[in-house]
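Handing you a structure now.
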Amino acid sequence: MSLLYAGCVALGVALLATPACRLLASWSGVLDLPAPRKVHAQPTPLLGGVAVFAGFATATALFQRPVVPVQTLLLLSGAAAFGLIGLVDDLRDVGAVKLLAEAAVVTAIVWLGGFSVALPWPGAGQIIAVLWIVGVANAVNCLDCTDGVAAGVAVVAACALVALALAMNRWGVAVAAAATAGAALGFLRYNFPPARIFLGDAGSLMLGFILAALAAALAAPRISAGSVAPLAVLSVPVGDFLLVHARRYRQGLRSLGIVTSTGKDHLPHRLLHAGLSSREVAVRIYRASALSAASAVALLLWGLPAALVPAIPLVASAFARPAAGVRDLSHLG
């Protein structure tokens with residue numbers, strides 16, 4: 001019952017806190033203004049991430065009751081730190097500095113928590129863990145470029161992590177994932193197209209951190225096909241992130257700007273260019289996330305052959321001819 005309670009409490013807190021954060025953002029002028037690289041036409045309140053964190057933190061603190069309390073403290077502290085880093089970037093674009101701050105936070109968490117991926121080379125497991133968490137956090141942040149996408153993907157991924165954690169008998173991870181799903185769903189009530197409030201970098205980076213940390217916690221104990229399953233849950237944001245940056249590299253962007261640049265070349269943008277509405281874009285990406293989640297759960301429970309059943313349509317859709325996309329890199333900062 002703790003899972004249900006955690007999800008419901010997180011949902012309720014987010015449902016109540018999101019309108020309050022919207023009013024606070026409007027009153028204080030914390031708005032996402034229209035710009036050539038953005039798709040919204042009206043100034044839209046930010047601070048949605050504050051509401052998501054309130055729901056997640058409340059439910060996690062109330063219901064997780066972990067065997068190792070330090071791990072819960074590190075998870076909540078890391079989520080708060082990523083939210084703060086994102087909030088600073090929302091208020092004042094800090095560029096590549098935020099990547100350094102994120103890496104410092106995750107390095108401290110990995111070191112304090114004694115966390116490591118099982119690899120035979122000294123220090124390699126910790127380095128991979130840091131790169132994974134920072135990378136996924138920014139991948140989810142990049143996916144948050146049209147209404148409802150990042151929050152909806154977070155709901156699907158968190159639900160899949162609940163299932164995987166239960167199958168692995170990792171109750172603490174399951175409760176935290178349920179709290180994440182509830183908080184993101186409560187916020188999505190106000191963020192589904194047409195959005196009345198945005199996550200902002202504060203919210204998308206924080207959600208990315210939580211999902212990456214929980215997936216890594218499930219994958220870390222051993223290297224096997226089953227341990228890959230939690231990572232596969234996040235294949236949609238990770239795949240989009242890698243493909244976009246590979247495309248940018250091929251098109252001539254070679255400096256640090258390949259990571260810090262912003263442009264209309266991510267998956268939601270490309271679907272919009274193909275003629276889909278914002279709602280259709282969100283729903284289509286939810287479906288892709290659900291297929292990757294189903295494949296991940298099947299991989300853990302029944303092995304690779306079962307995982308291929310939902311994976312085949314996902315891969316087929318990835319290789320289907322998309323919109324022409326953005327070829328000109330002049331819009332990249």
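Where a number appears in this text, it was derived from the coordinates with a stated rule and is not lab data. Predicted model only: the values in this text are computed from it and were never measured. As a convention, Cβ positions derive from the backbone with ideal geometry for all residues, glycine included, and neighbour counts pool all protein chains shown.
Could you check the spin-label model distance between Val94 and Ser28? Points 7 Å from the Cα along Cα→Cβ, value in nm.
It is 1.6 nm.
Return one quarter of the surface area of the convex hull spanned by the alpha-carbon atoms of the stretch 1-63, equal to its mean projected area, in nm².
Directional mean of the projected Cα hull area for the stretch 1-63 stands at 5.0 nm².
Next question. Between Ser77, Val97, Val52, whose Cα lies farthest towards the positive end of the dipole of the stretch 1-128 when Lys and Arg beta carbons carry +1 and Asp and Glu beta carbons carry -1, centred on the Cα centre?
Highest projection toward the positive end goes to Val52.
Rounded, prolate or oblate: which one fits the stretch 135-202, using the alpha carbon gyration tensor with axes a ≥ b ≥ c (rounded when a/c is under 1.5, else prolate when a/b beats b/c, else oblate)?
Since a/c reaches 1.5 and a/b is larger than b/c, the shape of the stretch 135-202 is classed as prolate.
What is the fewest-to-most order of Leu301, Leu164, Leu33, Leu276 by other Cβ atoms lying within 10 Å of their Cβ?
Leu33, Leu301, Leu276, Leu164
Putting +1 on Lys and Arg Cβ atoms and -1 on Asp and Glu Cβ atoms, find which of Ile210, Pro194, Cys21 reaches farthest to the positive end of the dipole of the stretch 2-331.
Checked the options; the winner is Pro194.
Then there's this: State the extension gain, in nm to one decimal, for the chain segment bounded by Leu131 and Leu73, taking 0.36 nm per residue of separation less the distance between their alpha-carbons.
Separation in residues times 0.36 nm, less the Cα-Cα distance, equals 18.8 nm.
Ok, one more. How large is the helix-only mean residue ellipticity at 222 nm for the chain, computed as the sum of -39500 (n - 2.57) over DSSP H runs with n ≥ 4, divided by its residue count, in deg cm²/dmol to the nearest 500?
My calculation for the chain gives -24000 deg cm²/dmol from helical runs alone.
With unit charges on the beta carbons (Lys and Arg positive, Asp and Glu negative) and the dipole taken about the Cα centre of the chain, which residue among Ala158, Leu3, Ala290 sits farthest to the positive side?
Of the candidates, Ala290 comes out farthest on the positive side.
Exposed loop trypsin sites (Lys or Arg not before Pro) only (DSSP loop, at most 12 other Cβ atoms within 10 Å): please give the longest stretch of the chain free of them, not including the sites.
93-221
Separate question: For the chain, what is the charge dipole size about the Cα centre, in debye to the nearest 20, if Lys and Arg each add +1 at the Cβ and Asp and Glu each add -1 at the Cβ?
Value, rounded to 20: 480 debye.
Could you work out how far apart the two model spin labels at Cys8 and Thr107 are, taking each label as a point 7 Å from the Cα in the direction of the beta carbon, and quote it in nm?
Using points 7 Å along Cα→Cβ, the separation is 4.5 nm.
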